[in-house]
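Participant: Once you've had a glance at the structure underneath, I'll fire off some questions.
The values are calculated or read from the model by the stated rules, or taken from the named source; none is laboratory data. Being a predicted model, the structure only gives us computed values, none of them experimental. Every residue, glycine among them, receives a Cβ derived from its backbone with ideal geometry; neighbour counts consider all protein chains shown.
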Amino acid sequence: MIGLRVLEGDGSAVSLGTEDGRPLVELAGDPDAPPRPRMSTGLFHLALLLPDRAELARSVRRVVGAGWRFTGASDHFVSEALYLDDPEGNGIELYRDRPRSEWVREGGELKIGTVALDLDDLMAQEPGGDDAGMPPQTTMGHVHLNVADLDDTEAFYAGLLGLDVTARGYPGALFLSAGGYHHHLGTNLWRGAGAPPPPPGSVGLREFSFRLPSGGAVAEVRDRLVAAGLEPQESGGALRVLDPSRNAVVLAPPT
């Protein structure tokens, strides 16, 4: 329905990606996993970035044709997005970016907001024809987390990991990125300020990854984490560390 392709799997886990074999999501199955409590930190949504409006419209047609319901459709000024939940309640965003020339900055920050998406205008771009699933240009555009405290979140992701804050003005949220993008990471307090982490092994996010430009960049982040008193786990040149809300993030070198 989403259009991702099964790349590999062993019965307990499956890797999903694009038609050209690039992995984007790994699902791990556990029939005994407890549900994630609503008022807890964790995944708000993962966001698949489509290359253009035509492919976003095609994705909408695919989801609707499968009988699944969207939970939202928004124009965020920097992007156009539709939202849905998977069968276990994990949030998914399908979106396309507006050209950077259309992004507006106010007071040094990007203007990110929410107004209703013009679905009729979007679907007028749907190209029809055969549907080959997610196009190879699809990427994991960003991940959005429920967190317990925005100041602690900024200190970790900006102060230690080195991301740039792009917007603070959206109520209850903080957006961060690298390279001038509108956001590679969204964070919010919408499950409650001070929300606890879910019980270990709950349904939801196990970890998410940032691919850094070099092994040296990974080493620099490791040094900052250690200097701050954290103890990242190291494996295969990558680091795994928990953020202040107990979300696990992996920092990996280039493939």
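Participant: Regarding segment 151-162, can at least one residue be identified that is more than 16 Å from residue 243 (Cα to Cα) and in a loop (DSSP other than H, G, I, E, B)?
Facilitator: Checked segment 151-162: no residue is more than 16 Å from residue 243 (Cα to Cα) and in a loop (DSSP other than H, G, I, E, B).
Participant: Just wondering, is there one or more residues in segment 191-204 that are part of a strand (DSSP E or B) and in contact with a strand residue (DSSP E or B) (Cβ under 6 Å, 6 or more places away or on another chain)?
Facilitator: no
Results for (1) surrounded by 16 or more Cβ atoms within 10 Å (Cβ to Cβ); (2) touching a residue at least 40 places away in the same chain (Cβ under 8 Å), shown as yes or no for each residue.
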position: 172; (1), (2): no, no
position: 176; (1), (2): yes, no
position: 188; (1), (2): yes, yes
position: 193; (1), (2): no, yes
position: 199; (1), (2): no, yes
position: 239; (1), (2): yes, no
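Participant: Take segment 47-81 and flag every residue that is among the small types (Gly, Ala, Ser), closer than 22 Å to residue 143 by Cβ and surrounded by 18 or more Cβ atoms within 10 Å (Cβ to Cβ). Can you show your working first?
Facilitator: Of all residues in segment 47-81, those among the small types (Gly, Ala, Ser) come to 47, 54, 57, 59, 65-67, 72-74, 79, 81.
If we keep only those that are closer than 22 Å to residue 143 by Cβ as well, we get 47, 59, 72-74, 79, 81.
47, 59, 79, 81, listed by residue number.
Participant: Residues in segment 34-46: is at least one surrounded by 16 or more Cβ atoms within 10 Å (Cβ to Cβ), in a loop (DSSP other than H, G, I, E, B), touching a His at 6+ places or on another chain (Cβ under 9 Å) and in contact (Cβ under 8 Å) with a residue 60 or more places away in the chain?
Facilitator: No; the residues of segment 34-46 include none that is surrounded by 16 or more Cβ atoms within 10 Å (Cβ to Cβ), in a loop (DSSP other than H, G, I, E, B), touching a His at 6+ places or on another chain (Cβ under 9 Å) and in contact (Cβ under 8 Å) with a residue 60 or more places away in the chain.
Participant: Also: It is to be established whether one or more residues within segment 89-100 are farther than 26 Å from residue 178 by Cβ and within 16 Å of the chain's Cα centre (by Cα).
Facilitator: In the first step, residues of segment 89-100 are kept if they are farther than 26 Å from residue 178 by Cβ; the result is 89.
Applying the additional criterion that residues be within 16 Å of the chain's Cα centre (by Cα) yields 89.
Yes, segment 89-100 contains at least one residue that is farther than 26 Å from residue 178 by Cβ and within 16 Å of the chain's Cα centre (by Cα).
Participant: Of everything in segment 83-136 that's at pLDDT below 95 and aliphatic (A, V, I, L, M), which residue is farthest from residue 166 (Cα to Cα)?
Facilitator: Selected residue: 132.
Participant: Hey, could you check segment 1-16 for residues that are in contact with a Lys or Arg (Cβ under 9 Å, 6 or more places away or on another chain) and either surrounded by fewer than 16 Cβ atoms within 10 Å (Cβ to Cβ) or without any contact (Cβ under 8 Å) to a residue 60 or more places away in the chain (or both) and say which is farthest from residue 55 (Cα to Cα)? I'd like the intermediate steps shown before the answer.
Facilitator: First, the residues of segment 1-16 that are in contact with a Lys or Arg (Cβ under 9 Å, 6 or more places away or on another chain): 1-3, 7, 16.
Filter once more, so that each one left must be either surrounded by fewer than 16 Cβ atoms within 10 Å (Cβ to Cβ) or without any contact (Cβ under 8 Å) to a residue 60 or more places away in the chain (or both): 1, 7, 16.
Values: 1: 14, 7: 21, 16: 18 Å.
Within segment 1-16, the match that is farthest from residue 55 (Cα to Cα) is 7.
Participant: Tell me the residue from 169, 162, 180, 194 that is more than 30 Å from residue 4 (Cα to Cα) and touching a helix residue (DSSP H, G or I) at 6+ places or on another chain (Cβ under 9 Å), please.
Facilitator: Testing whether each residue is more than 30 Å from residue 4 (Cα to Cα) and touching a helix residue (DSSP H, G or I) at 6+ places or on another chain (Cβ under 9 Å) leaves just 162.
Participant: Can you confirm whether residue 143 is among the β-branched types (Val, Ile, Thr), at pLDDT 95 or above and within 25 Å of residue 232 (Cβ to Cβ)?
Facilitator: Yes, satisfied.
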